[in-house]
1. Let me spell it out: the conditions are (1) basic (Lys, Arg); (2) outside any helix (DSSP H, G or I); (3) in contact (Cβ under 8 Å) with a residue 40 or more places away in the chain, and Lys309 meets all of them except one. Which number is the exception?
2. Given the condition touching a helix residue (DSSP H, G or I) at 6+ places or on another chain (Cβ under 6 Å), at pLDDT below 95 and open to solvent by less than 40 Å² (accessible area, probe 1.4 Å), answer yes or no: does some residue in the stretch 30-38 qualify?
3. Out of Val172, Val185, Val177, which single residue is open to solvent by less than 10 Å² (accessible area, probe 1.4 Å) and over 22 Å from Leu110 (Cα atoms)?
4. Just name the residue that is modelled with the highest pLDDT out of those in the stretch 324-351 that are among the hydrophobic types (A, V, I, L, M, F, W, C) and open to solvent by 90 Å² or more (accessible area, probe 1.4 Å).
5. Is one or more of the residues making up the stretch 367-376 at pLDDT below 85, open to solvent by 60 Å² or more (accessible area, probe 1.4 Å) and not aromatic (Phe, Trp, Tyr)?
6. Out of everything in the stretch 252-274 that is part of a helix (DSSP H, G or I) and either at pLDDT below 80 or touching a Phe, Trp or Tyr at 6+ places or on another chain (Cβ under 9 Å) (or both), what residue ends up being nearest to Asn301 (Cα to Cα)?
7. Does at least one position in the stretch 250-260 carry a residue that is under 30 Å from Gln318 (Cβ atoms) and either surrounded by 15 or more Cβ atoms within 10 Å (Cβ to Cβ) or basic (Lys, Arg) (or both)?
8. Looking at the stretch 165-208, which of the residues that are of a type in the set (A, V, I, L, M, F, W, C), touching a residue at least 40 places away in the same chain (Cβ under 8 Å) and not in a strand (DSSP E or B) is farthest from Gln29 (Cα to Cα)?
Amino acid sequence: MAIIRDRDLLTDWNEIPVNMIDSCIKEHQSGLQRLNTLENYYMGKHKILDRTLSNTKLPNNKLVANHAKYITDVATGYLTGAPVKYDGASVEAIIDVYDKIDIDAHDAELAKDMSVFGHGLEIYYMTNDENPIPQVALIDPRNIFLVLDDTVESKPLFACHYYEKKDLDNKVTGFKVNIYTATKVYNYETDSLDSKSRKEFKLVNESEQYFGDVPVTEFQNNEESQGDFEQQISLIDAYNLLMSDRVNDKEQLVDAILVVVNASLGDDEEEMTETAKFIKEHKILELPEGADAKWLVKSLNEAEVEILKKAIRDDIHQFSMVPNLTDENFASNSSGVAMSYKLFGLEQLMRIKERYFKKGLKERLKLFANILAVKAQAVDVSDVKITMTRSLPVNLQEIANMIATLDGKVSLETLLAQLPFVDDPATEVEKVEEEKDRNMMRNQEAFGMPFDQADRPTTERKAEEVNADEE
């Protein structure tokens, strides 16, 4: 989550004093416990694993049903399973760079950080080779933060990336602190992040950067910067506890007490122990007349436990707005409309996530355009349209029927845009027309029908015209 500071505190935000850096790092570290908890729940390290019982002889199963990971993986896959598309008059240069740096894989990891931590941060830099290009790196939110001003526009002031410095034995010897302003990058080294116990805070390098603004972008998951499963942690804990105790009860049922009435298994402890071993081994118990033996067991109401289990599980999915896709409601082949109703809650969640995701993508486009302009590549991102396609199974037969029904009423390009496997409808329309021209020519040649120059396929006429102009 971004840190807020008054812009009037400094006259030049390209020169950040050490006490300002210390203050912001301290504020950022105050929220690390929350981020660590969210990371642990995604990784399956839940509260139930720390449970202890006063009676160590009782069963203490610790079952983890990782709903947190399920919620994040489904939400992330649904949002970024299909690559983001960019359409604009002069955005090709940026798209070429995106292809080189595999931005689609980066976006998927970024979306996961947003889902887990409530926000994700990426940093931009230039590659170190003969032909440098802008590159992007995803940084763990626990090691980086962005400082914004307190205006309604929340403009970035500077960013700080700090991490441990280690020796050859992988022991921590200090910390590296990198400060990014709108024009410069400062690299510091310090023995401690605590200003009270610190011995030094040394500037080791200072360099210029040309992205035109702070080269760090924060992507929010929602207005509150909360993770997708953050508000469901108490329900997840309750589900784990219920399932763990359910197994505990089963184990105690197996370890039931044998009650013997009007009979003795021995005169002393040694004889009773031997008798118990004999019964356990041979499964035989001989009793005198009038005696009886039975197990003292705890009655388990499985029906009530199952109802409670289902209620908690349903609440987890309902309040996270991520449905249980293994539920019987998703087992049958449903129409597009029926599937849309089932995924209505998830779609509303995606609209919120998409809105904030696009906001960050636009900031990334602006910074990439700035750096490409320095390399004499003019890019205008003002008219870029960003399209995010849901990764959802589609009923192609239903779409085909819809296209056939609307044929002649809606343009072919618009109809082809409805097909998920068509990336460029305009190009596809050209291919369709070319295919019609070729088929017409084959039919005329097959039946010996001559055709005028004007009737020849458009593509061939254009090719001959180009050749004639070159000659």
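The values are calculated or read from the model by the stated rules, or taken from the named source; none is laboratory data. These numbers come from a predicted model, not from an experiment. A quick note on method: Cβ atoms are made from the backbone with ideal geometry, for glycine too, and the neighbour counts reach across all protein chains shown. Keep in mind that these areas ignore ligands, DNA and RNA; they rest on the heavy atoms of the full protein, side chains included. Shrake-Rupley method; radii C 1.70, N 1.55, O 1.52, S 1.80 Å.
1. (2)
2. no
3. Val177 is the lone residue from the list that is open to solvent by less than 10 Å² (accessible area, probe 1.4 Å) and over 22 Å from Leu110 (Cα atoms).
4. Phe344
5. Yes.
6. Here the answer is Leu253.
7. yes
8. Ala182
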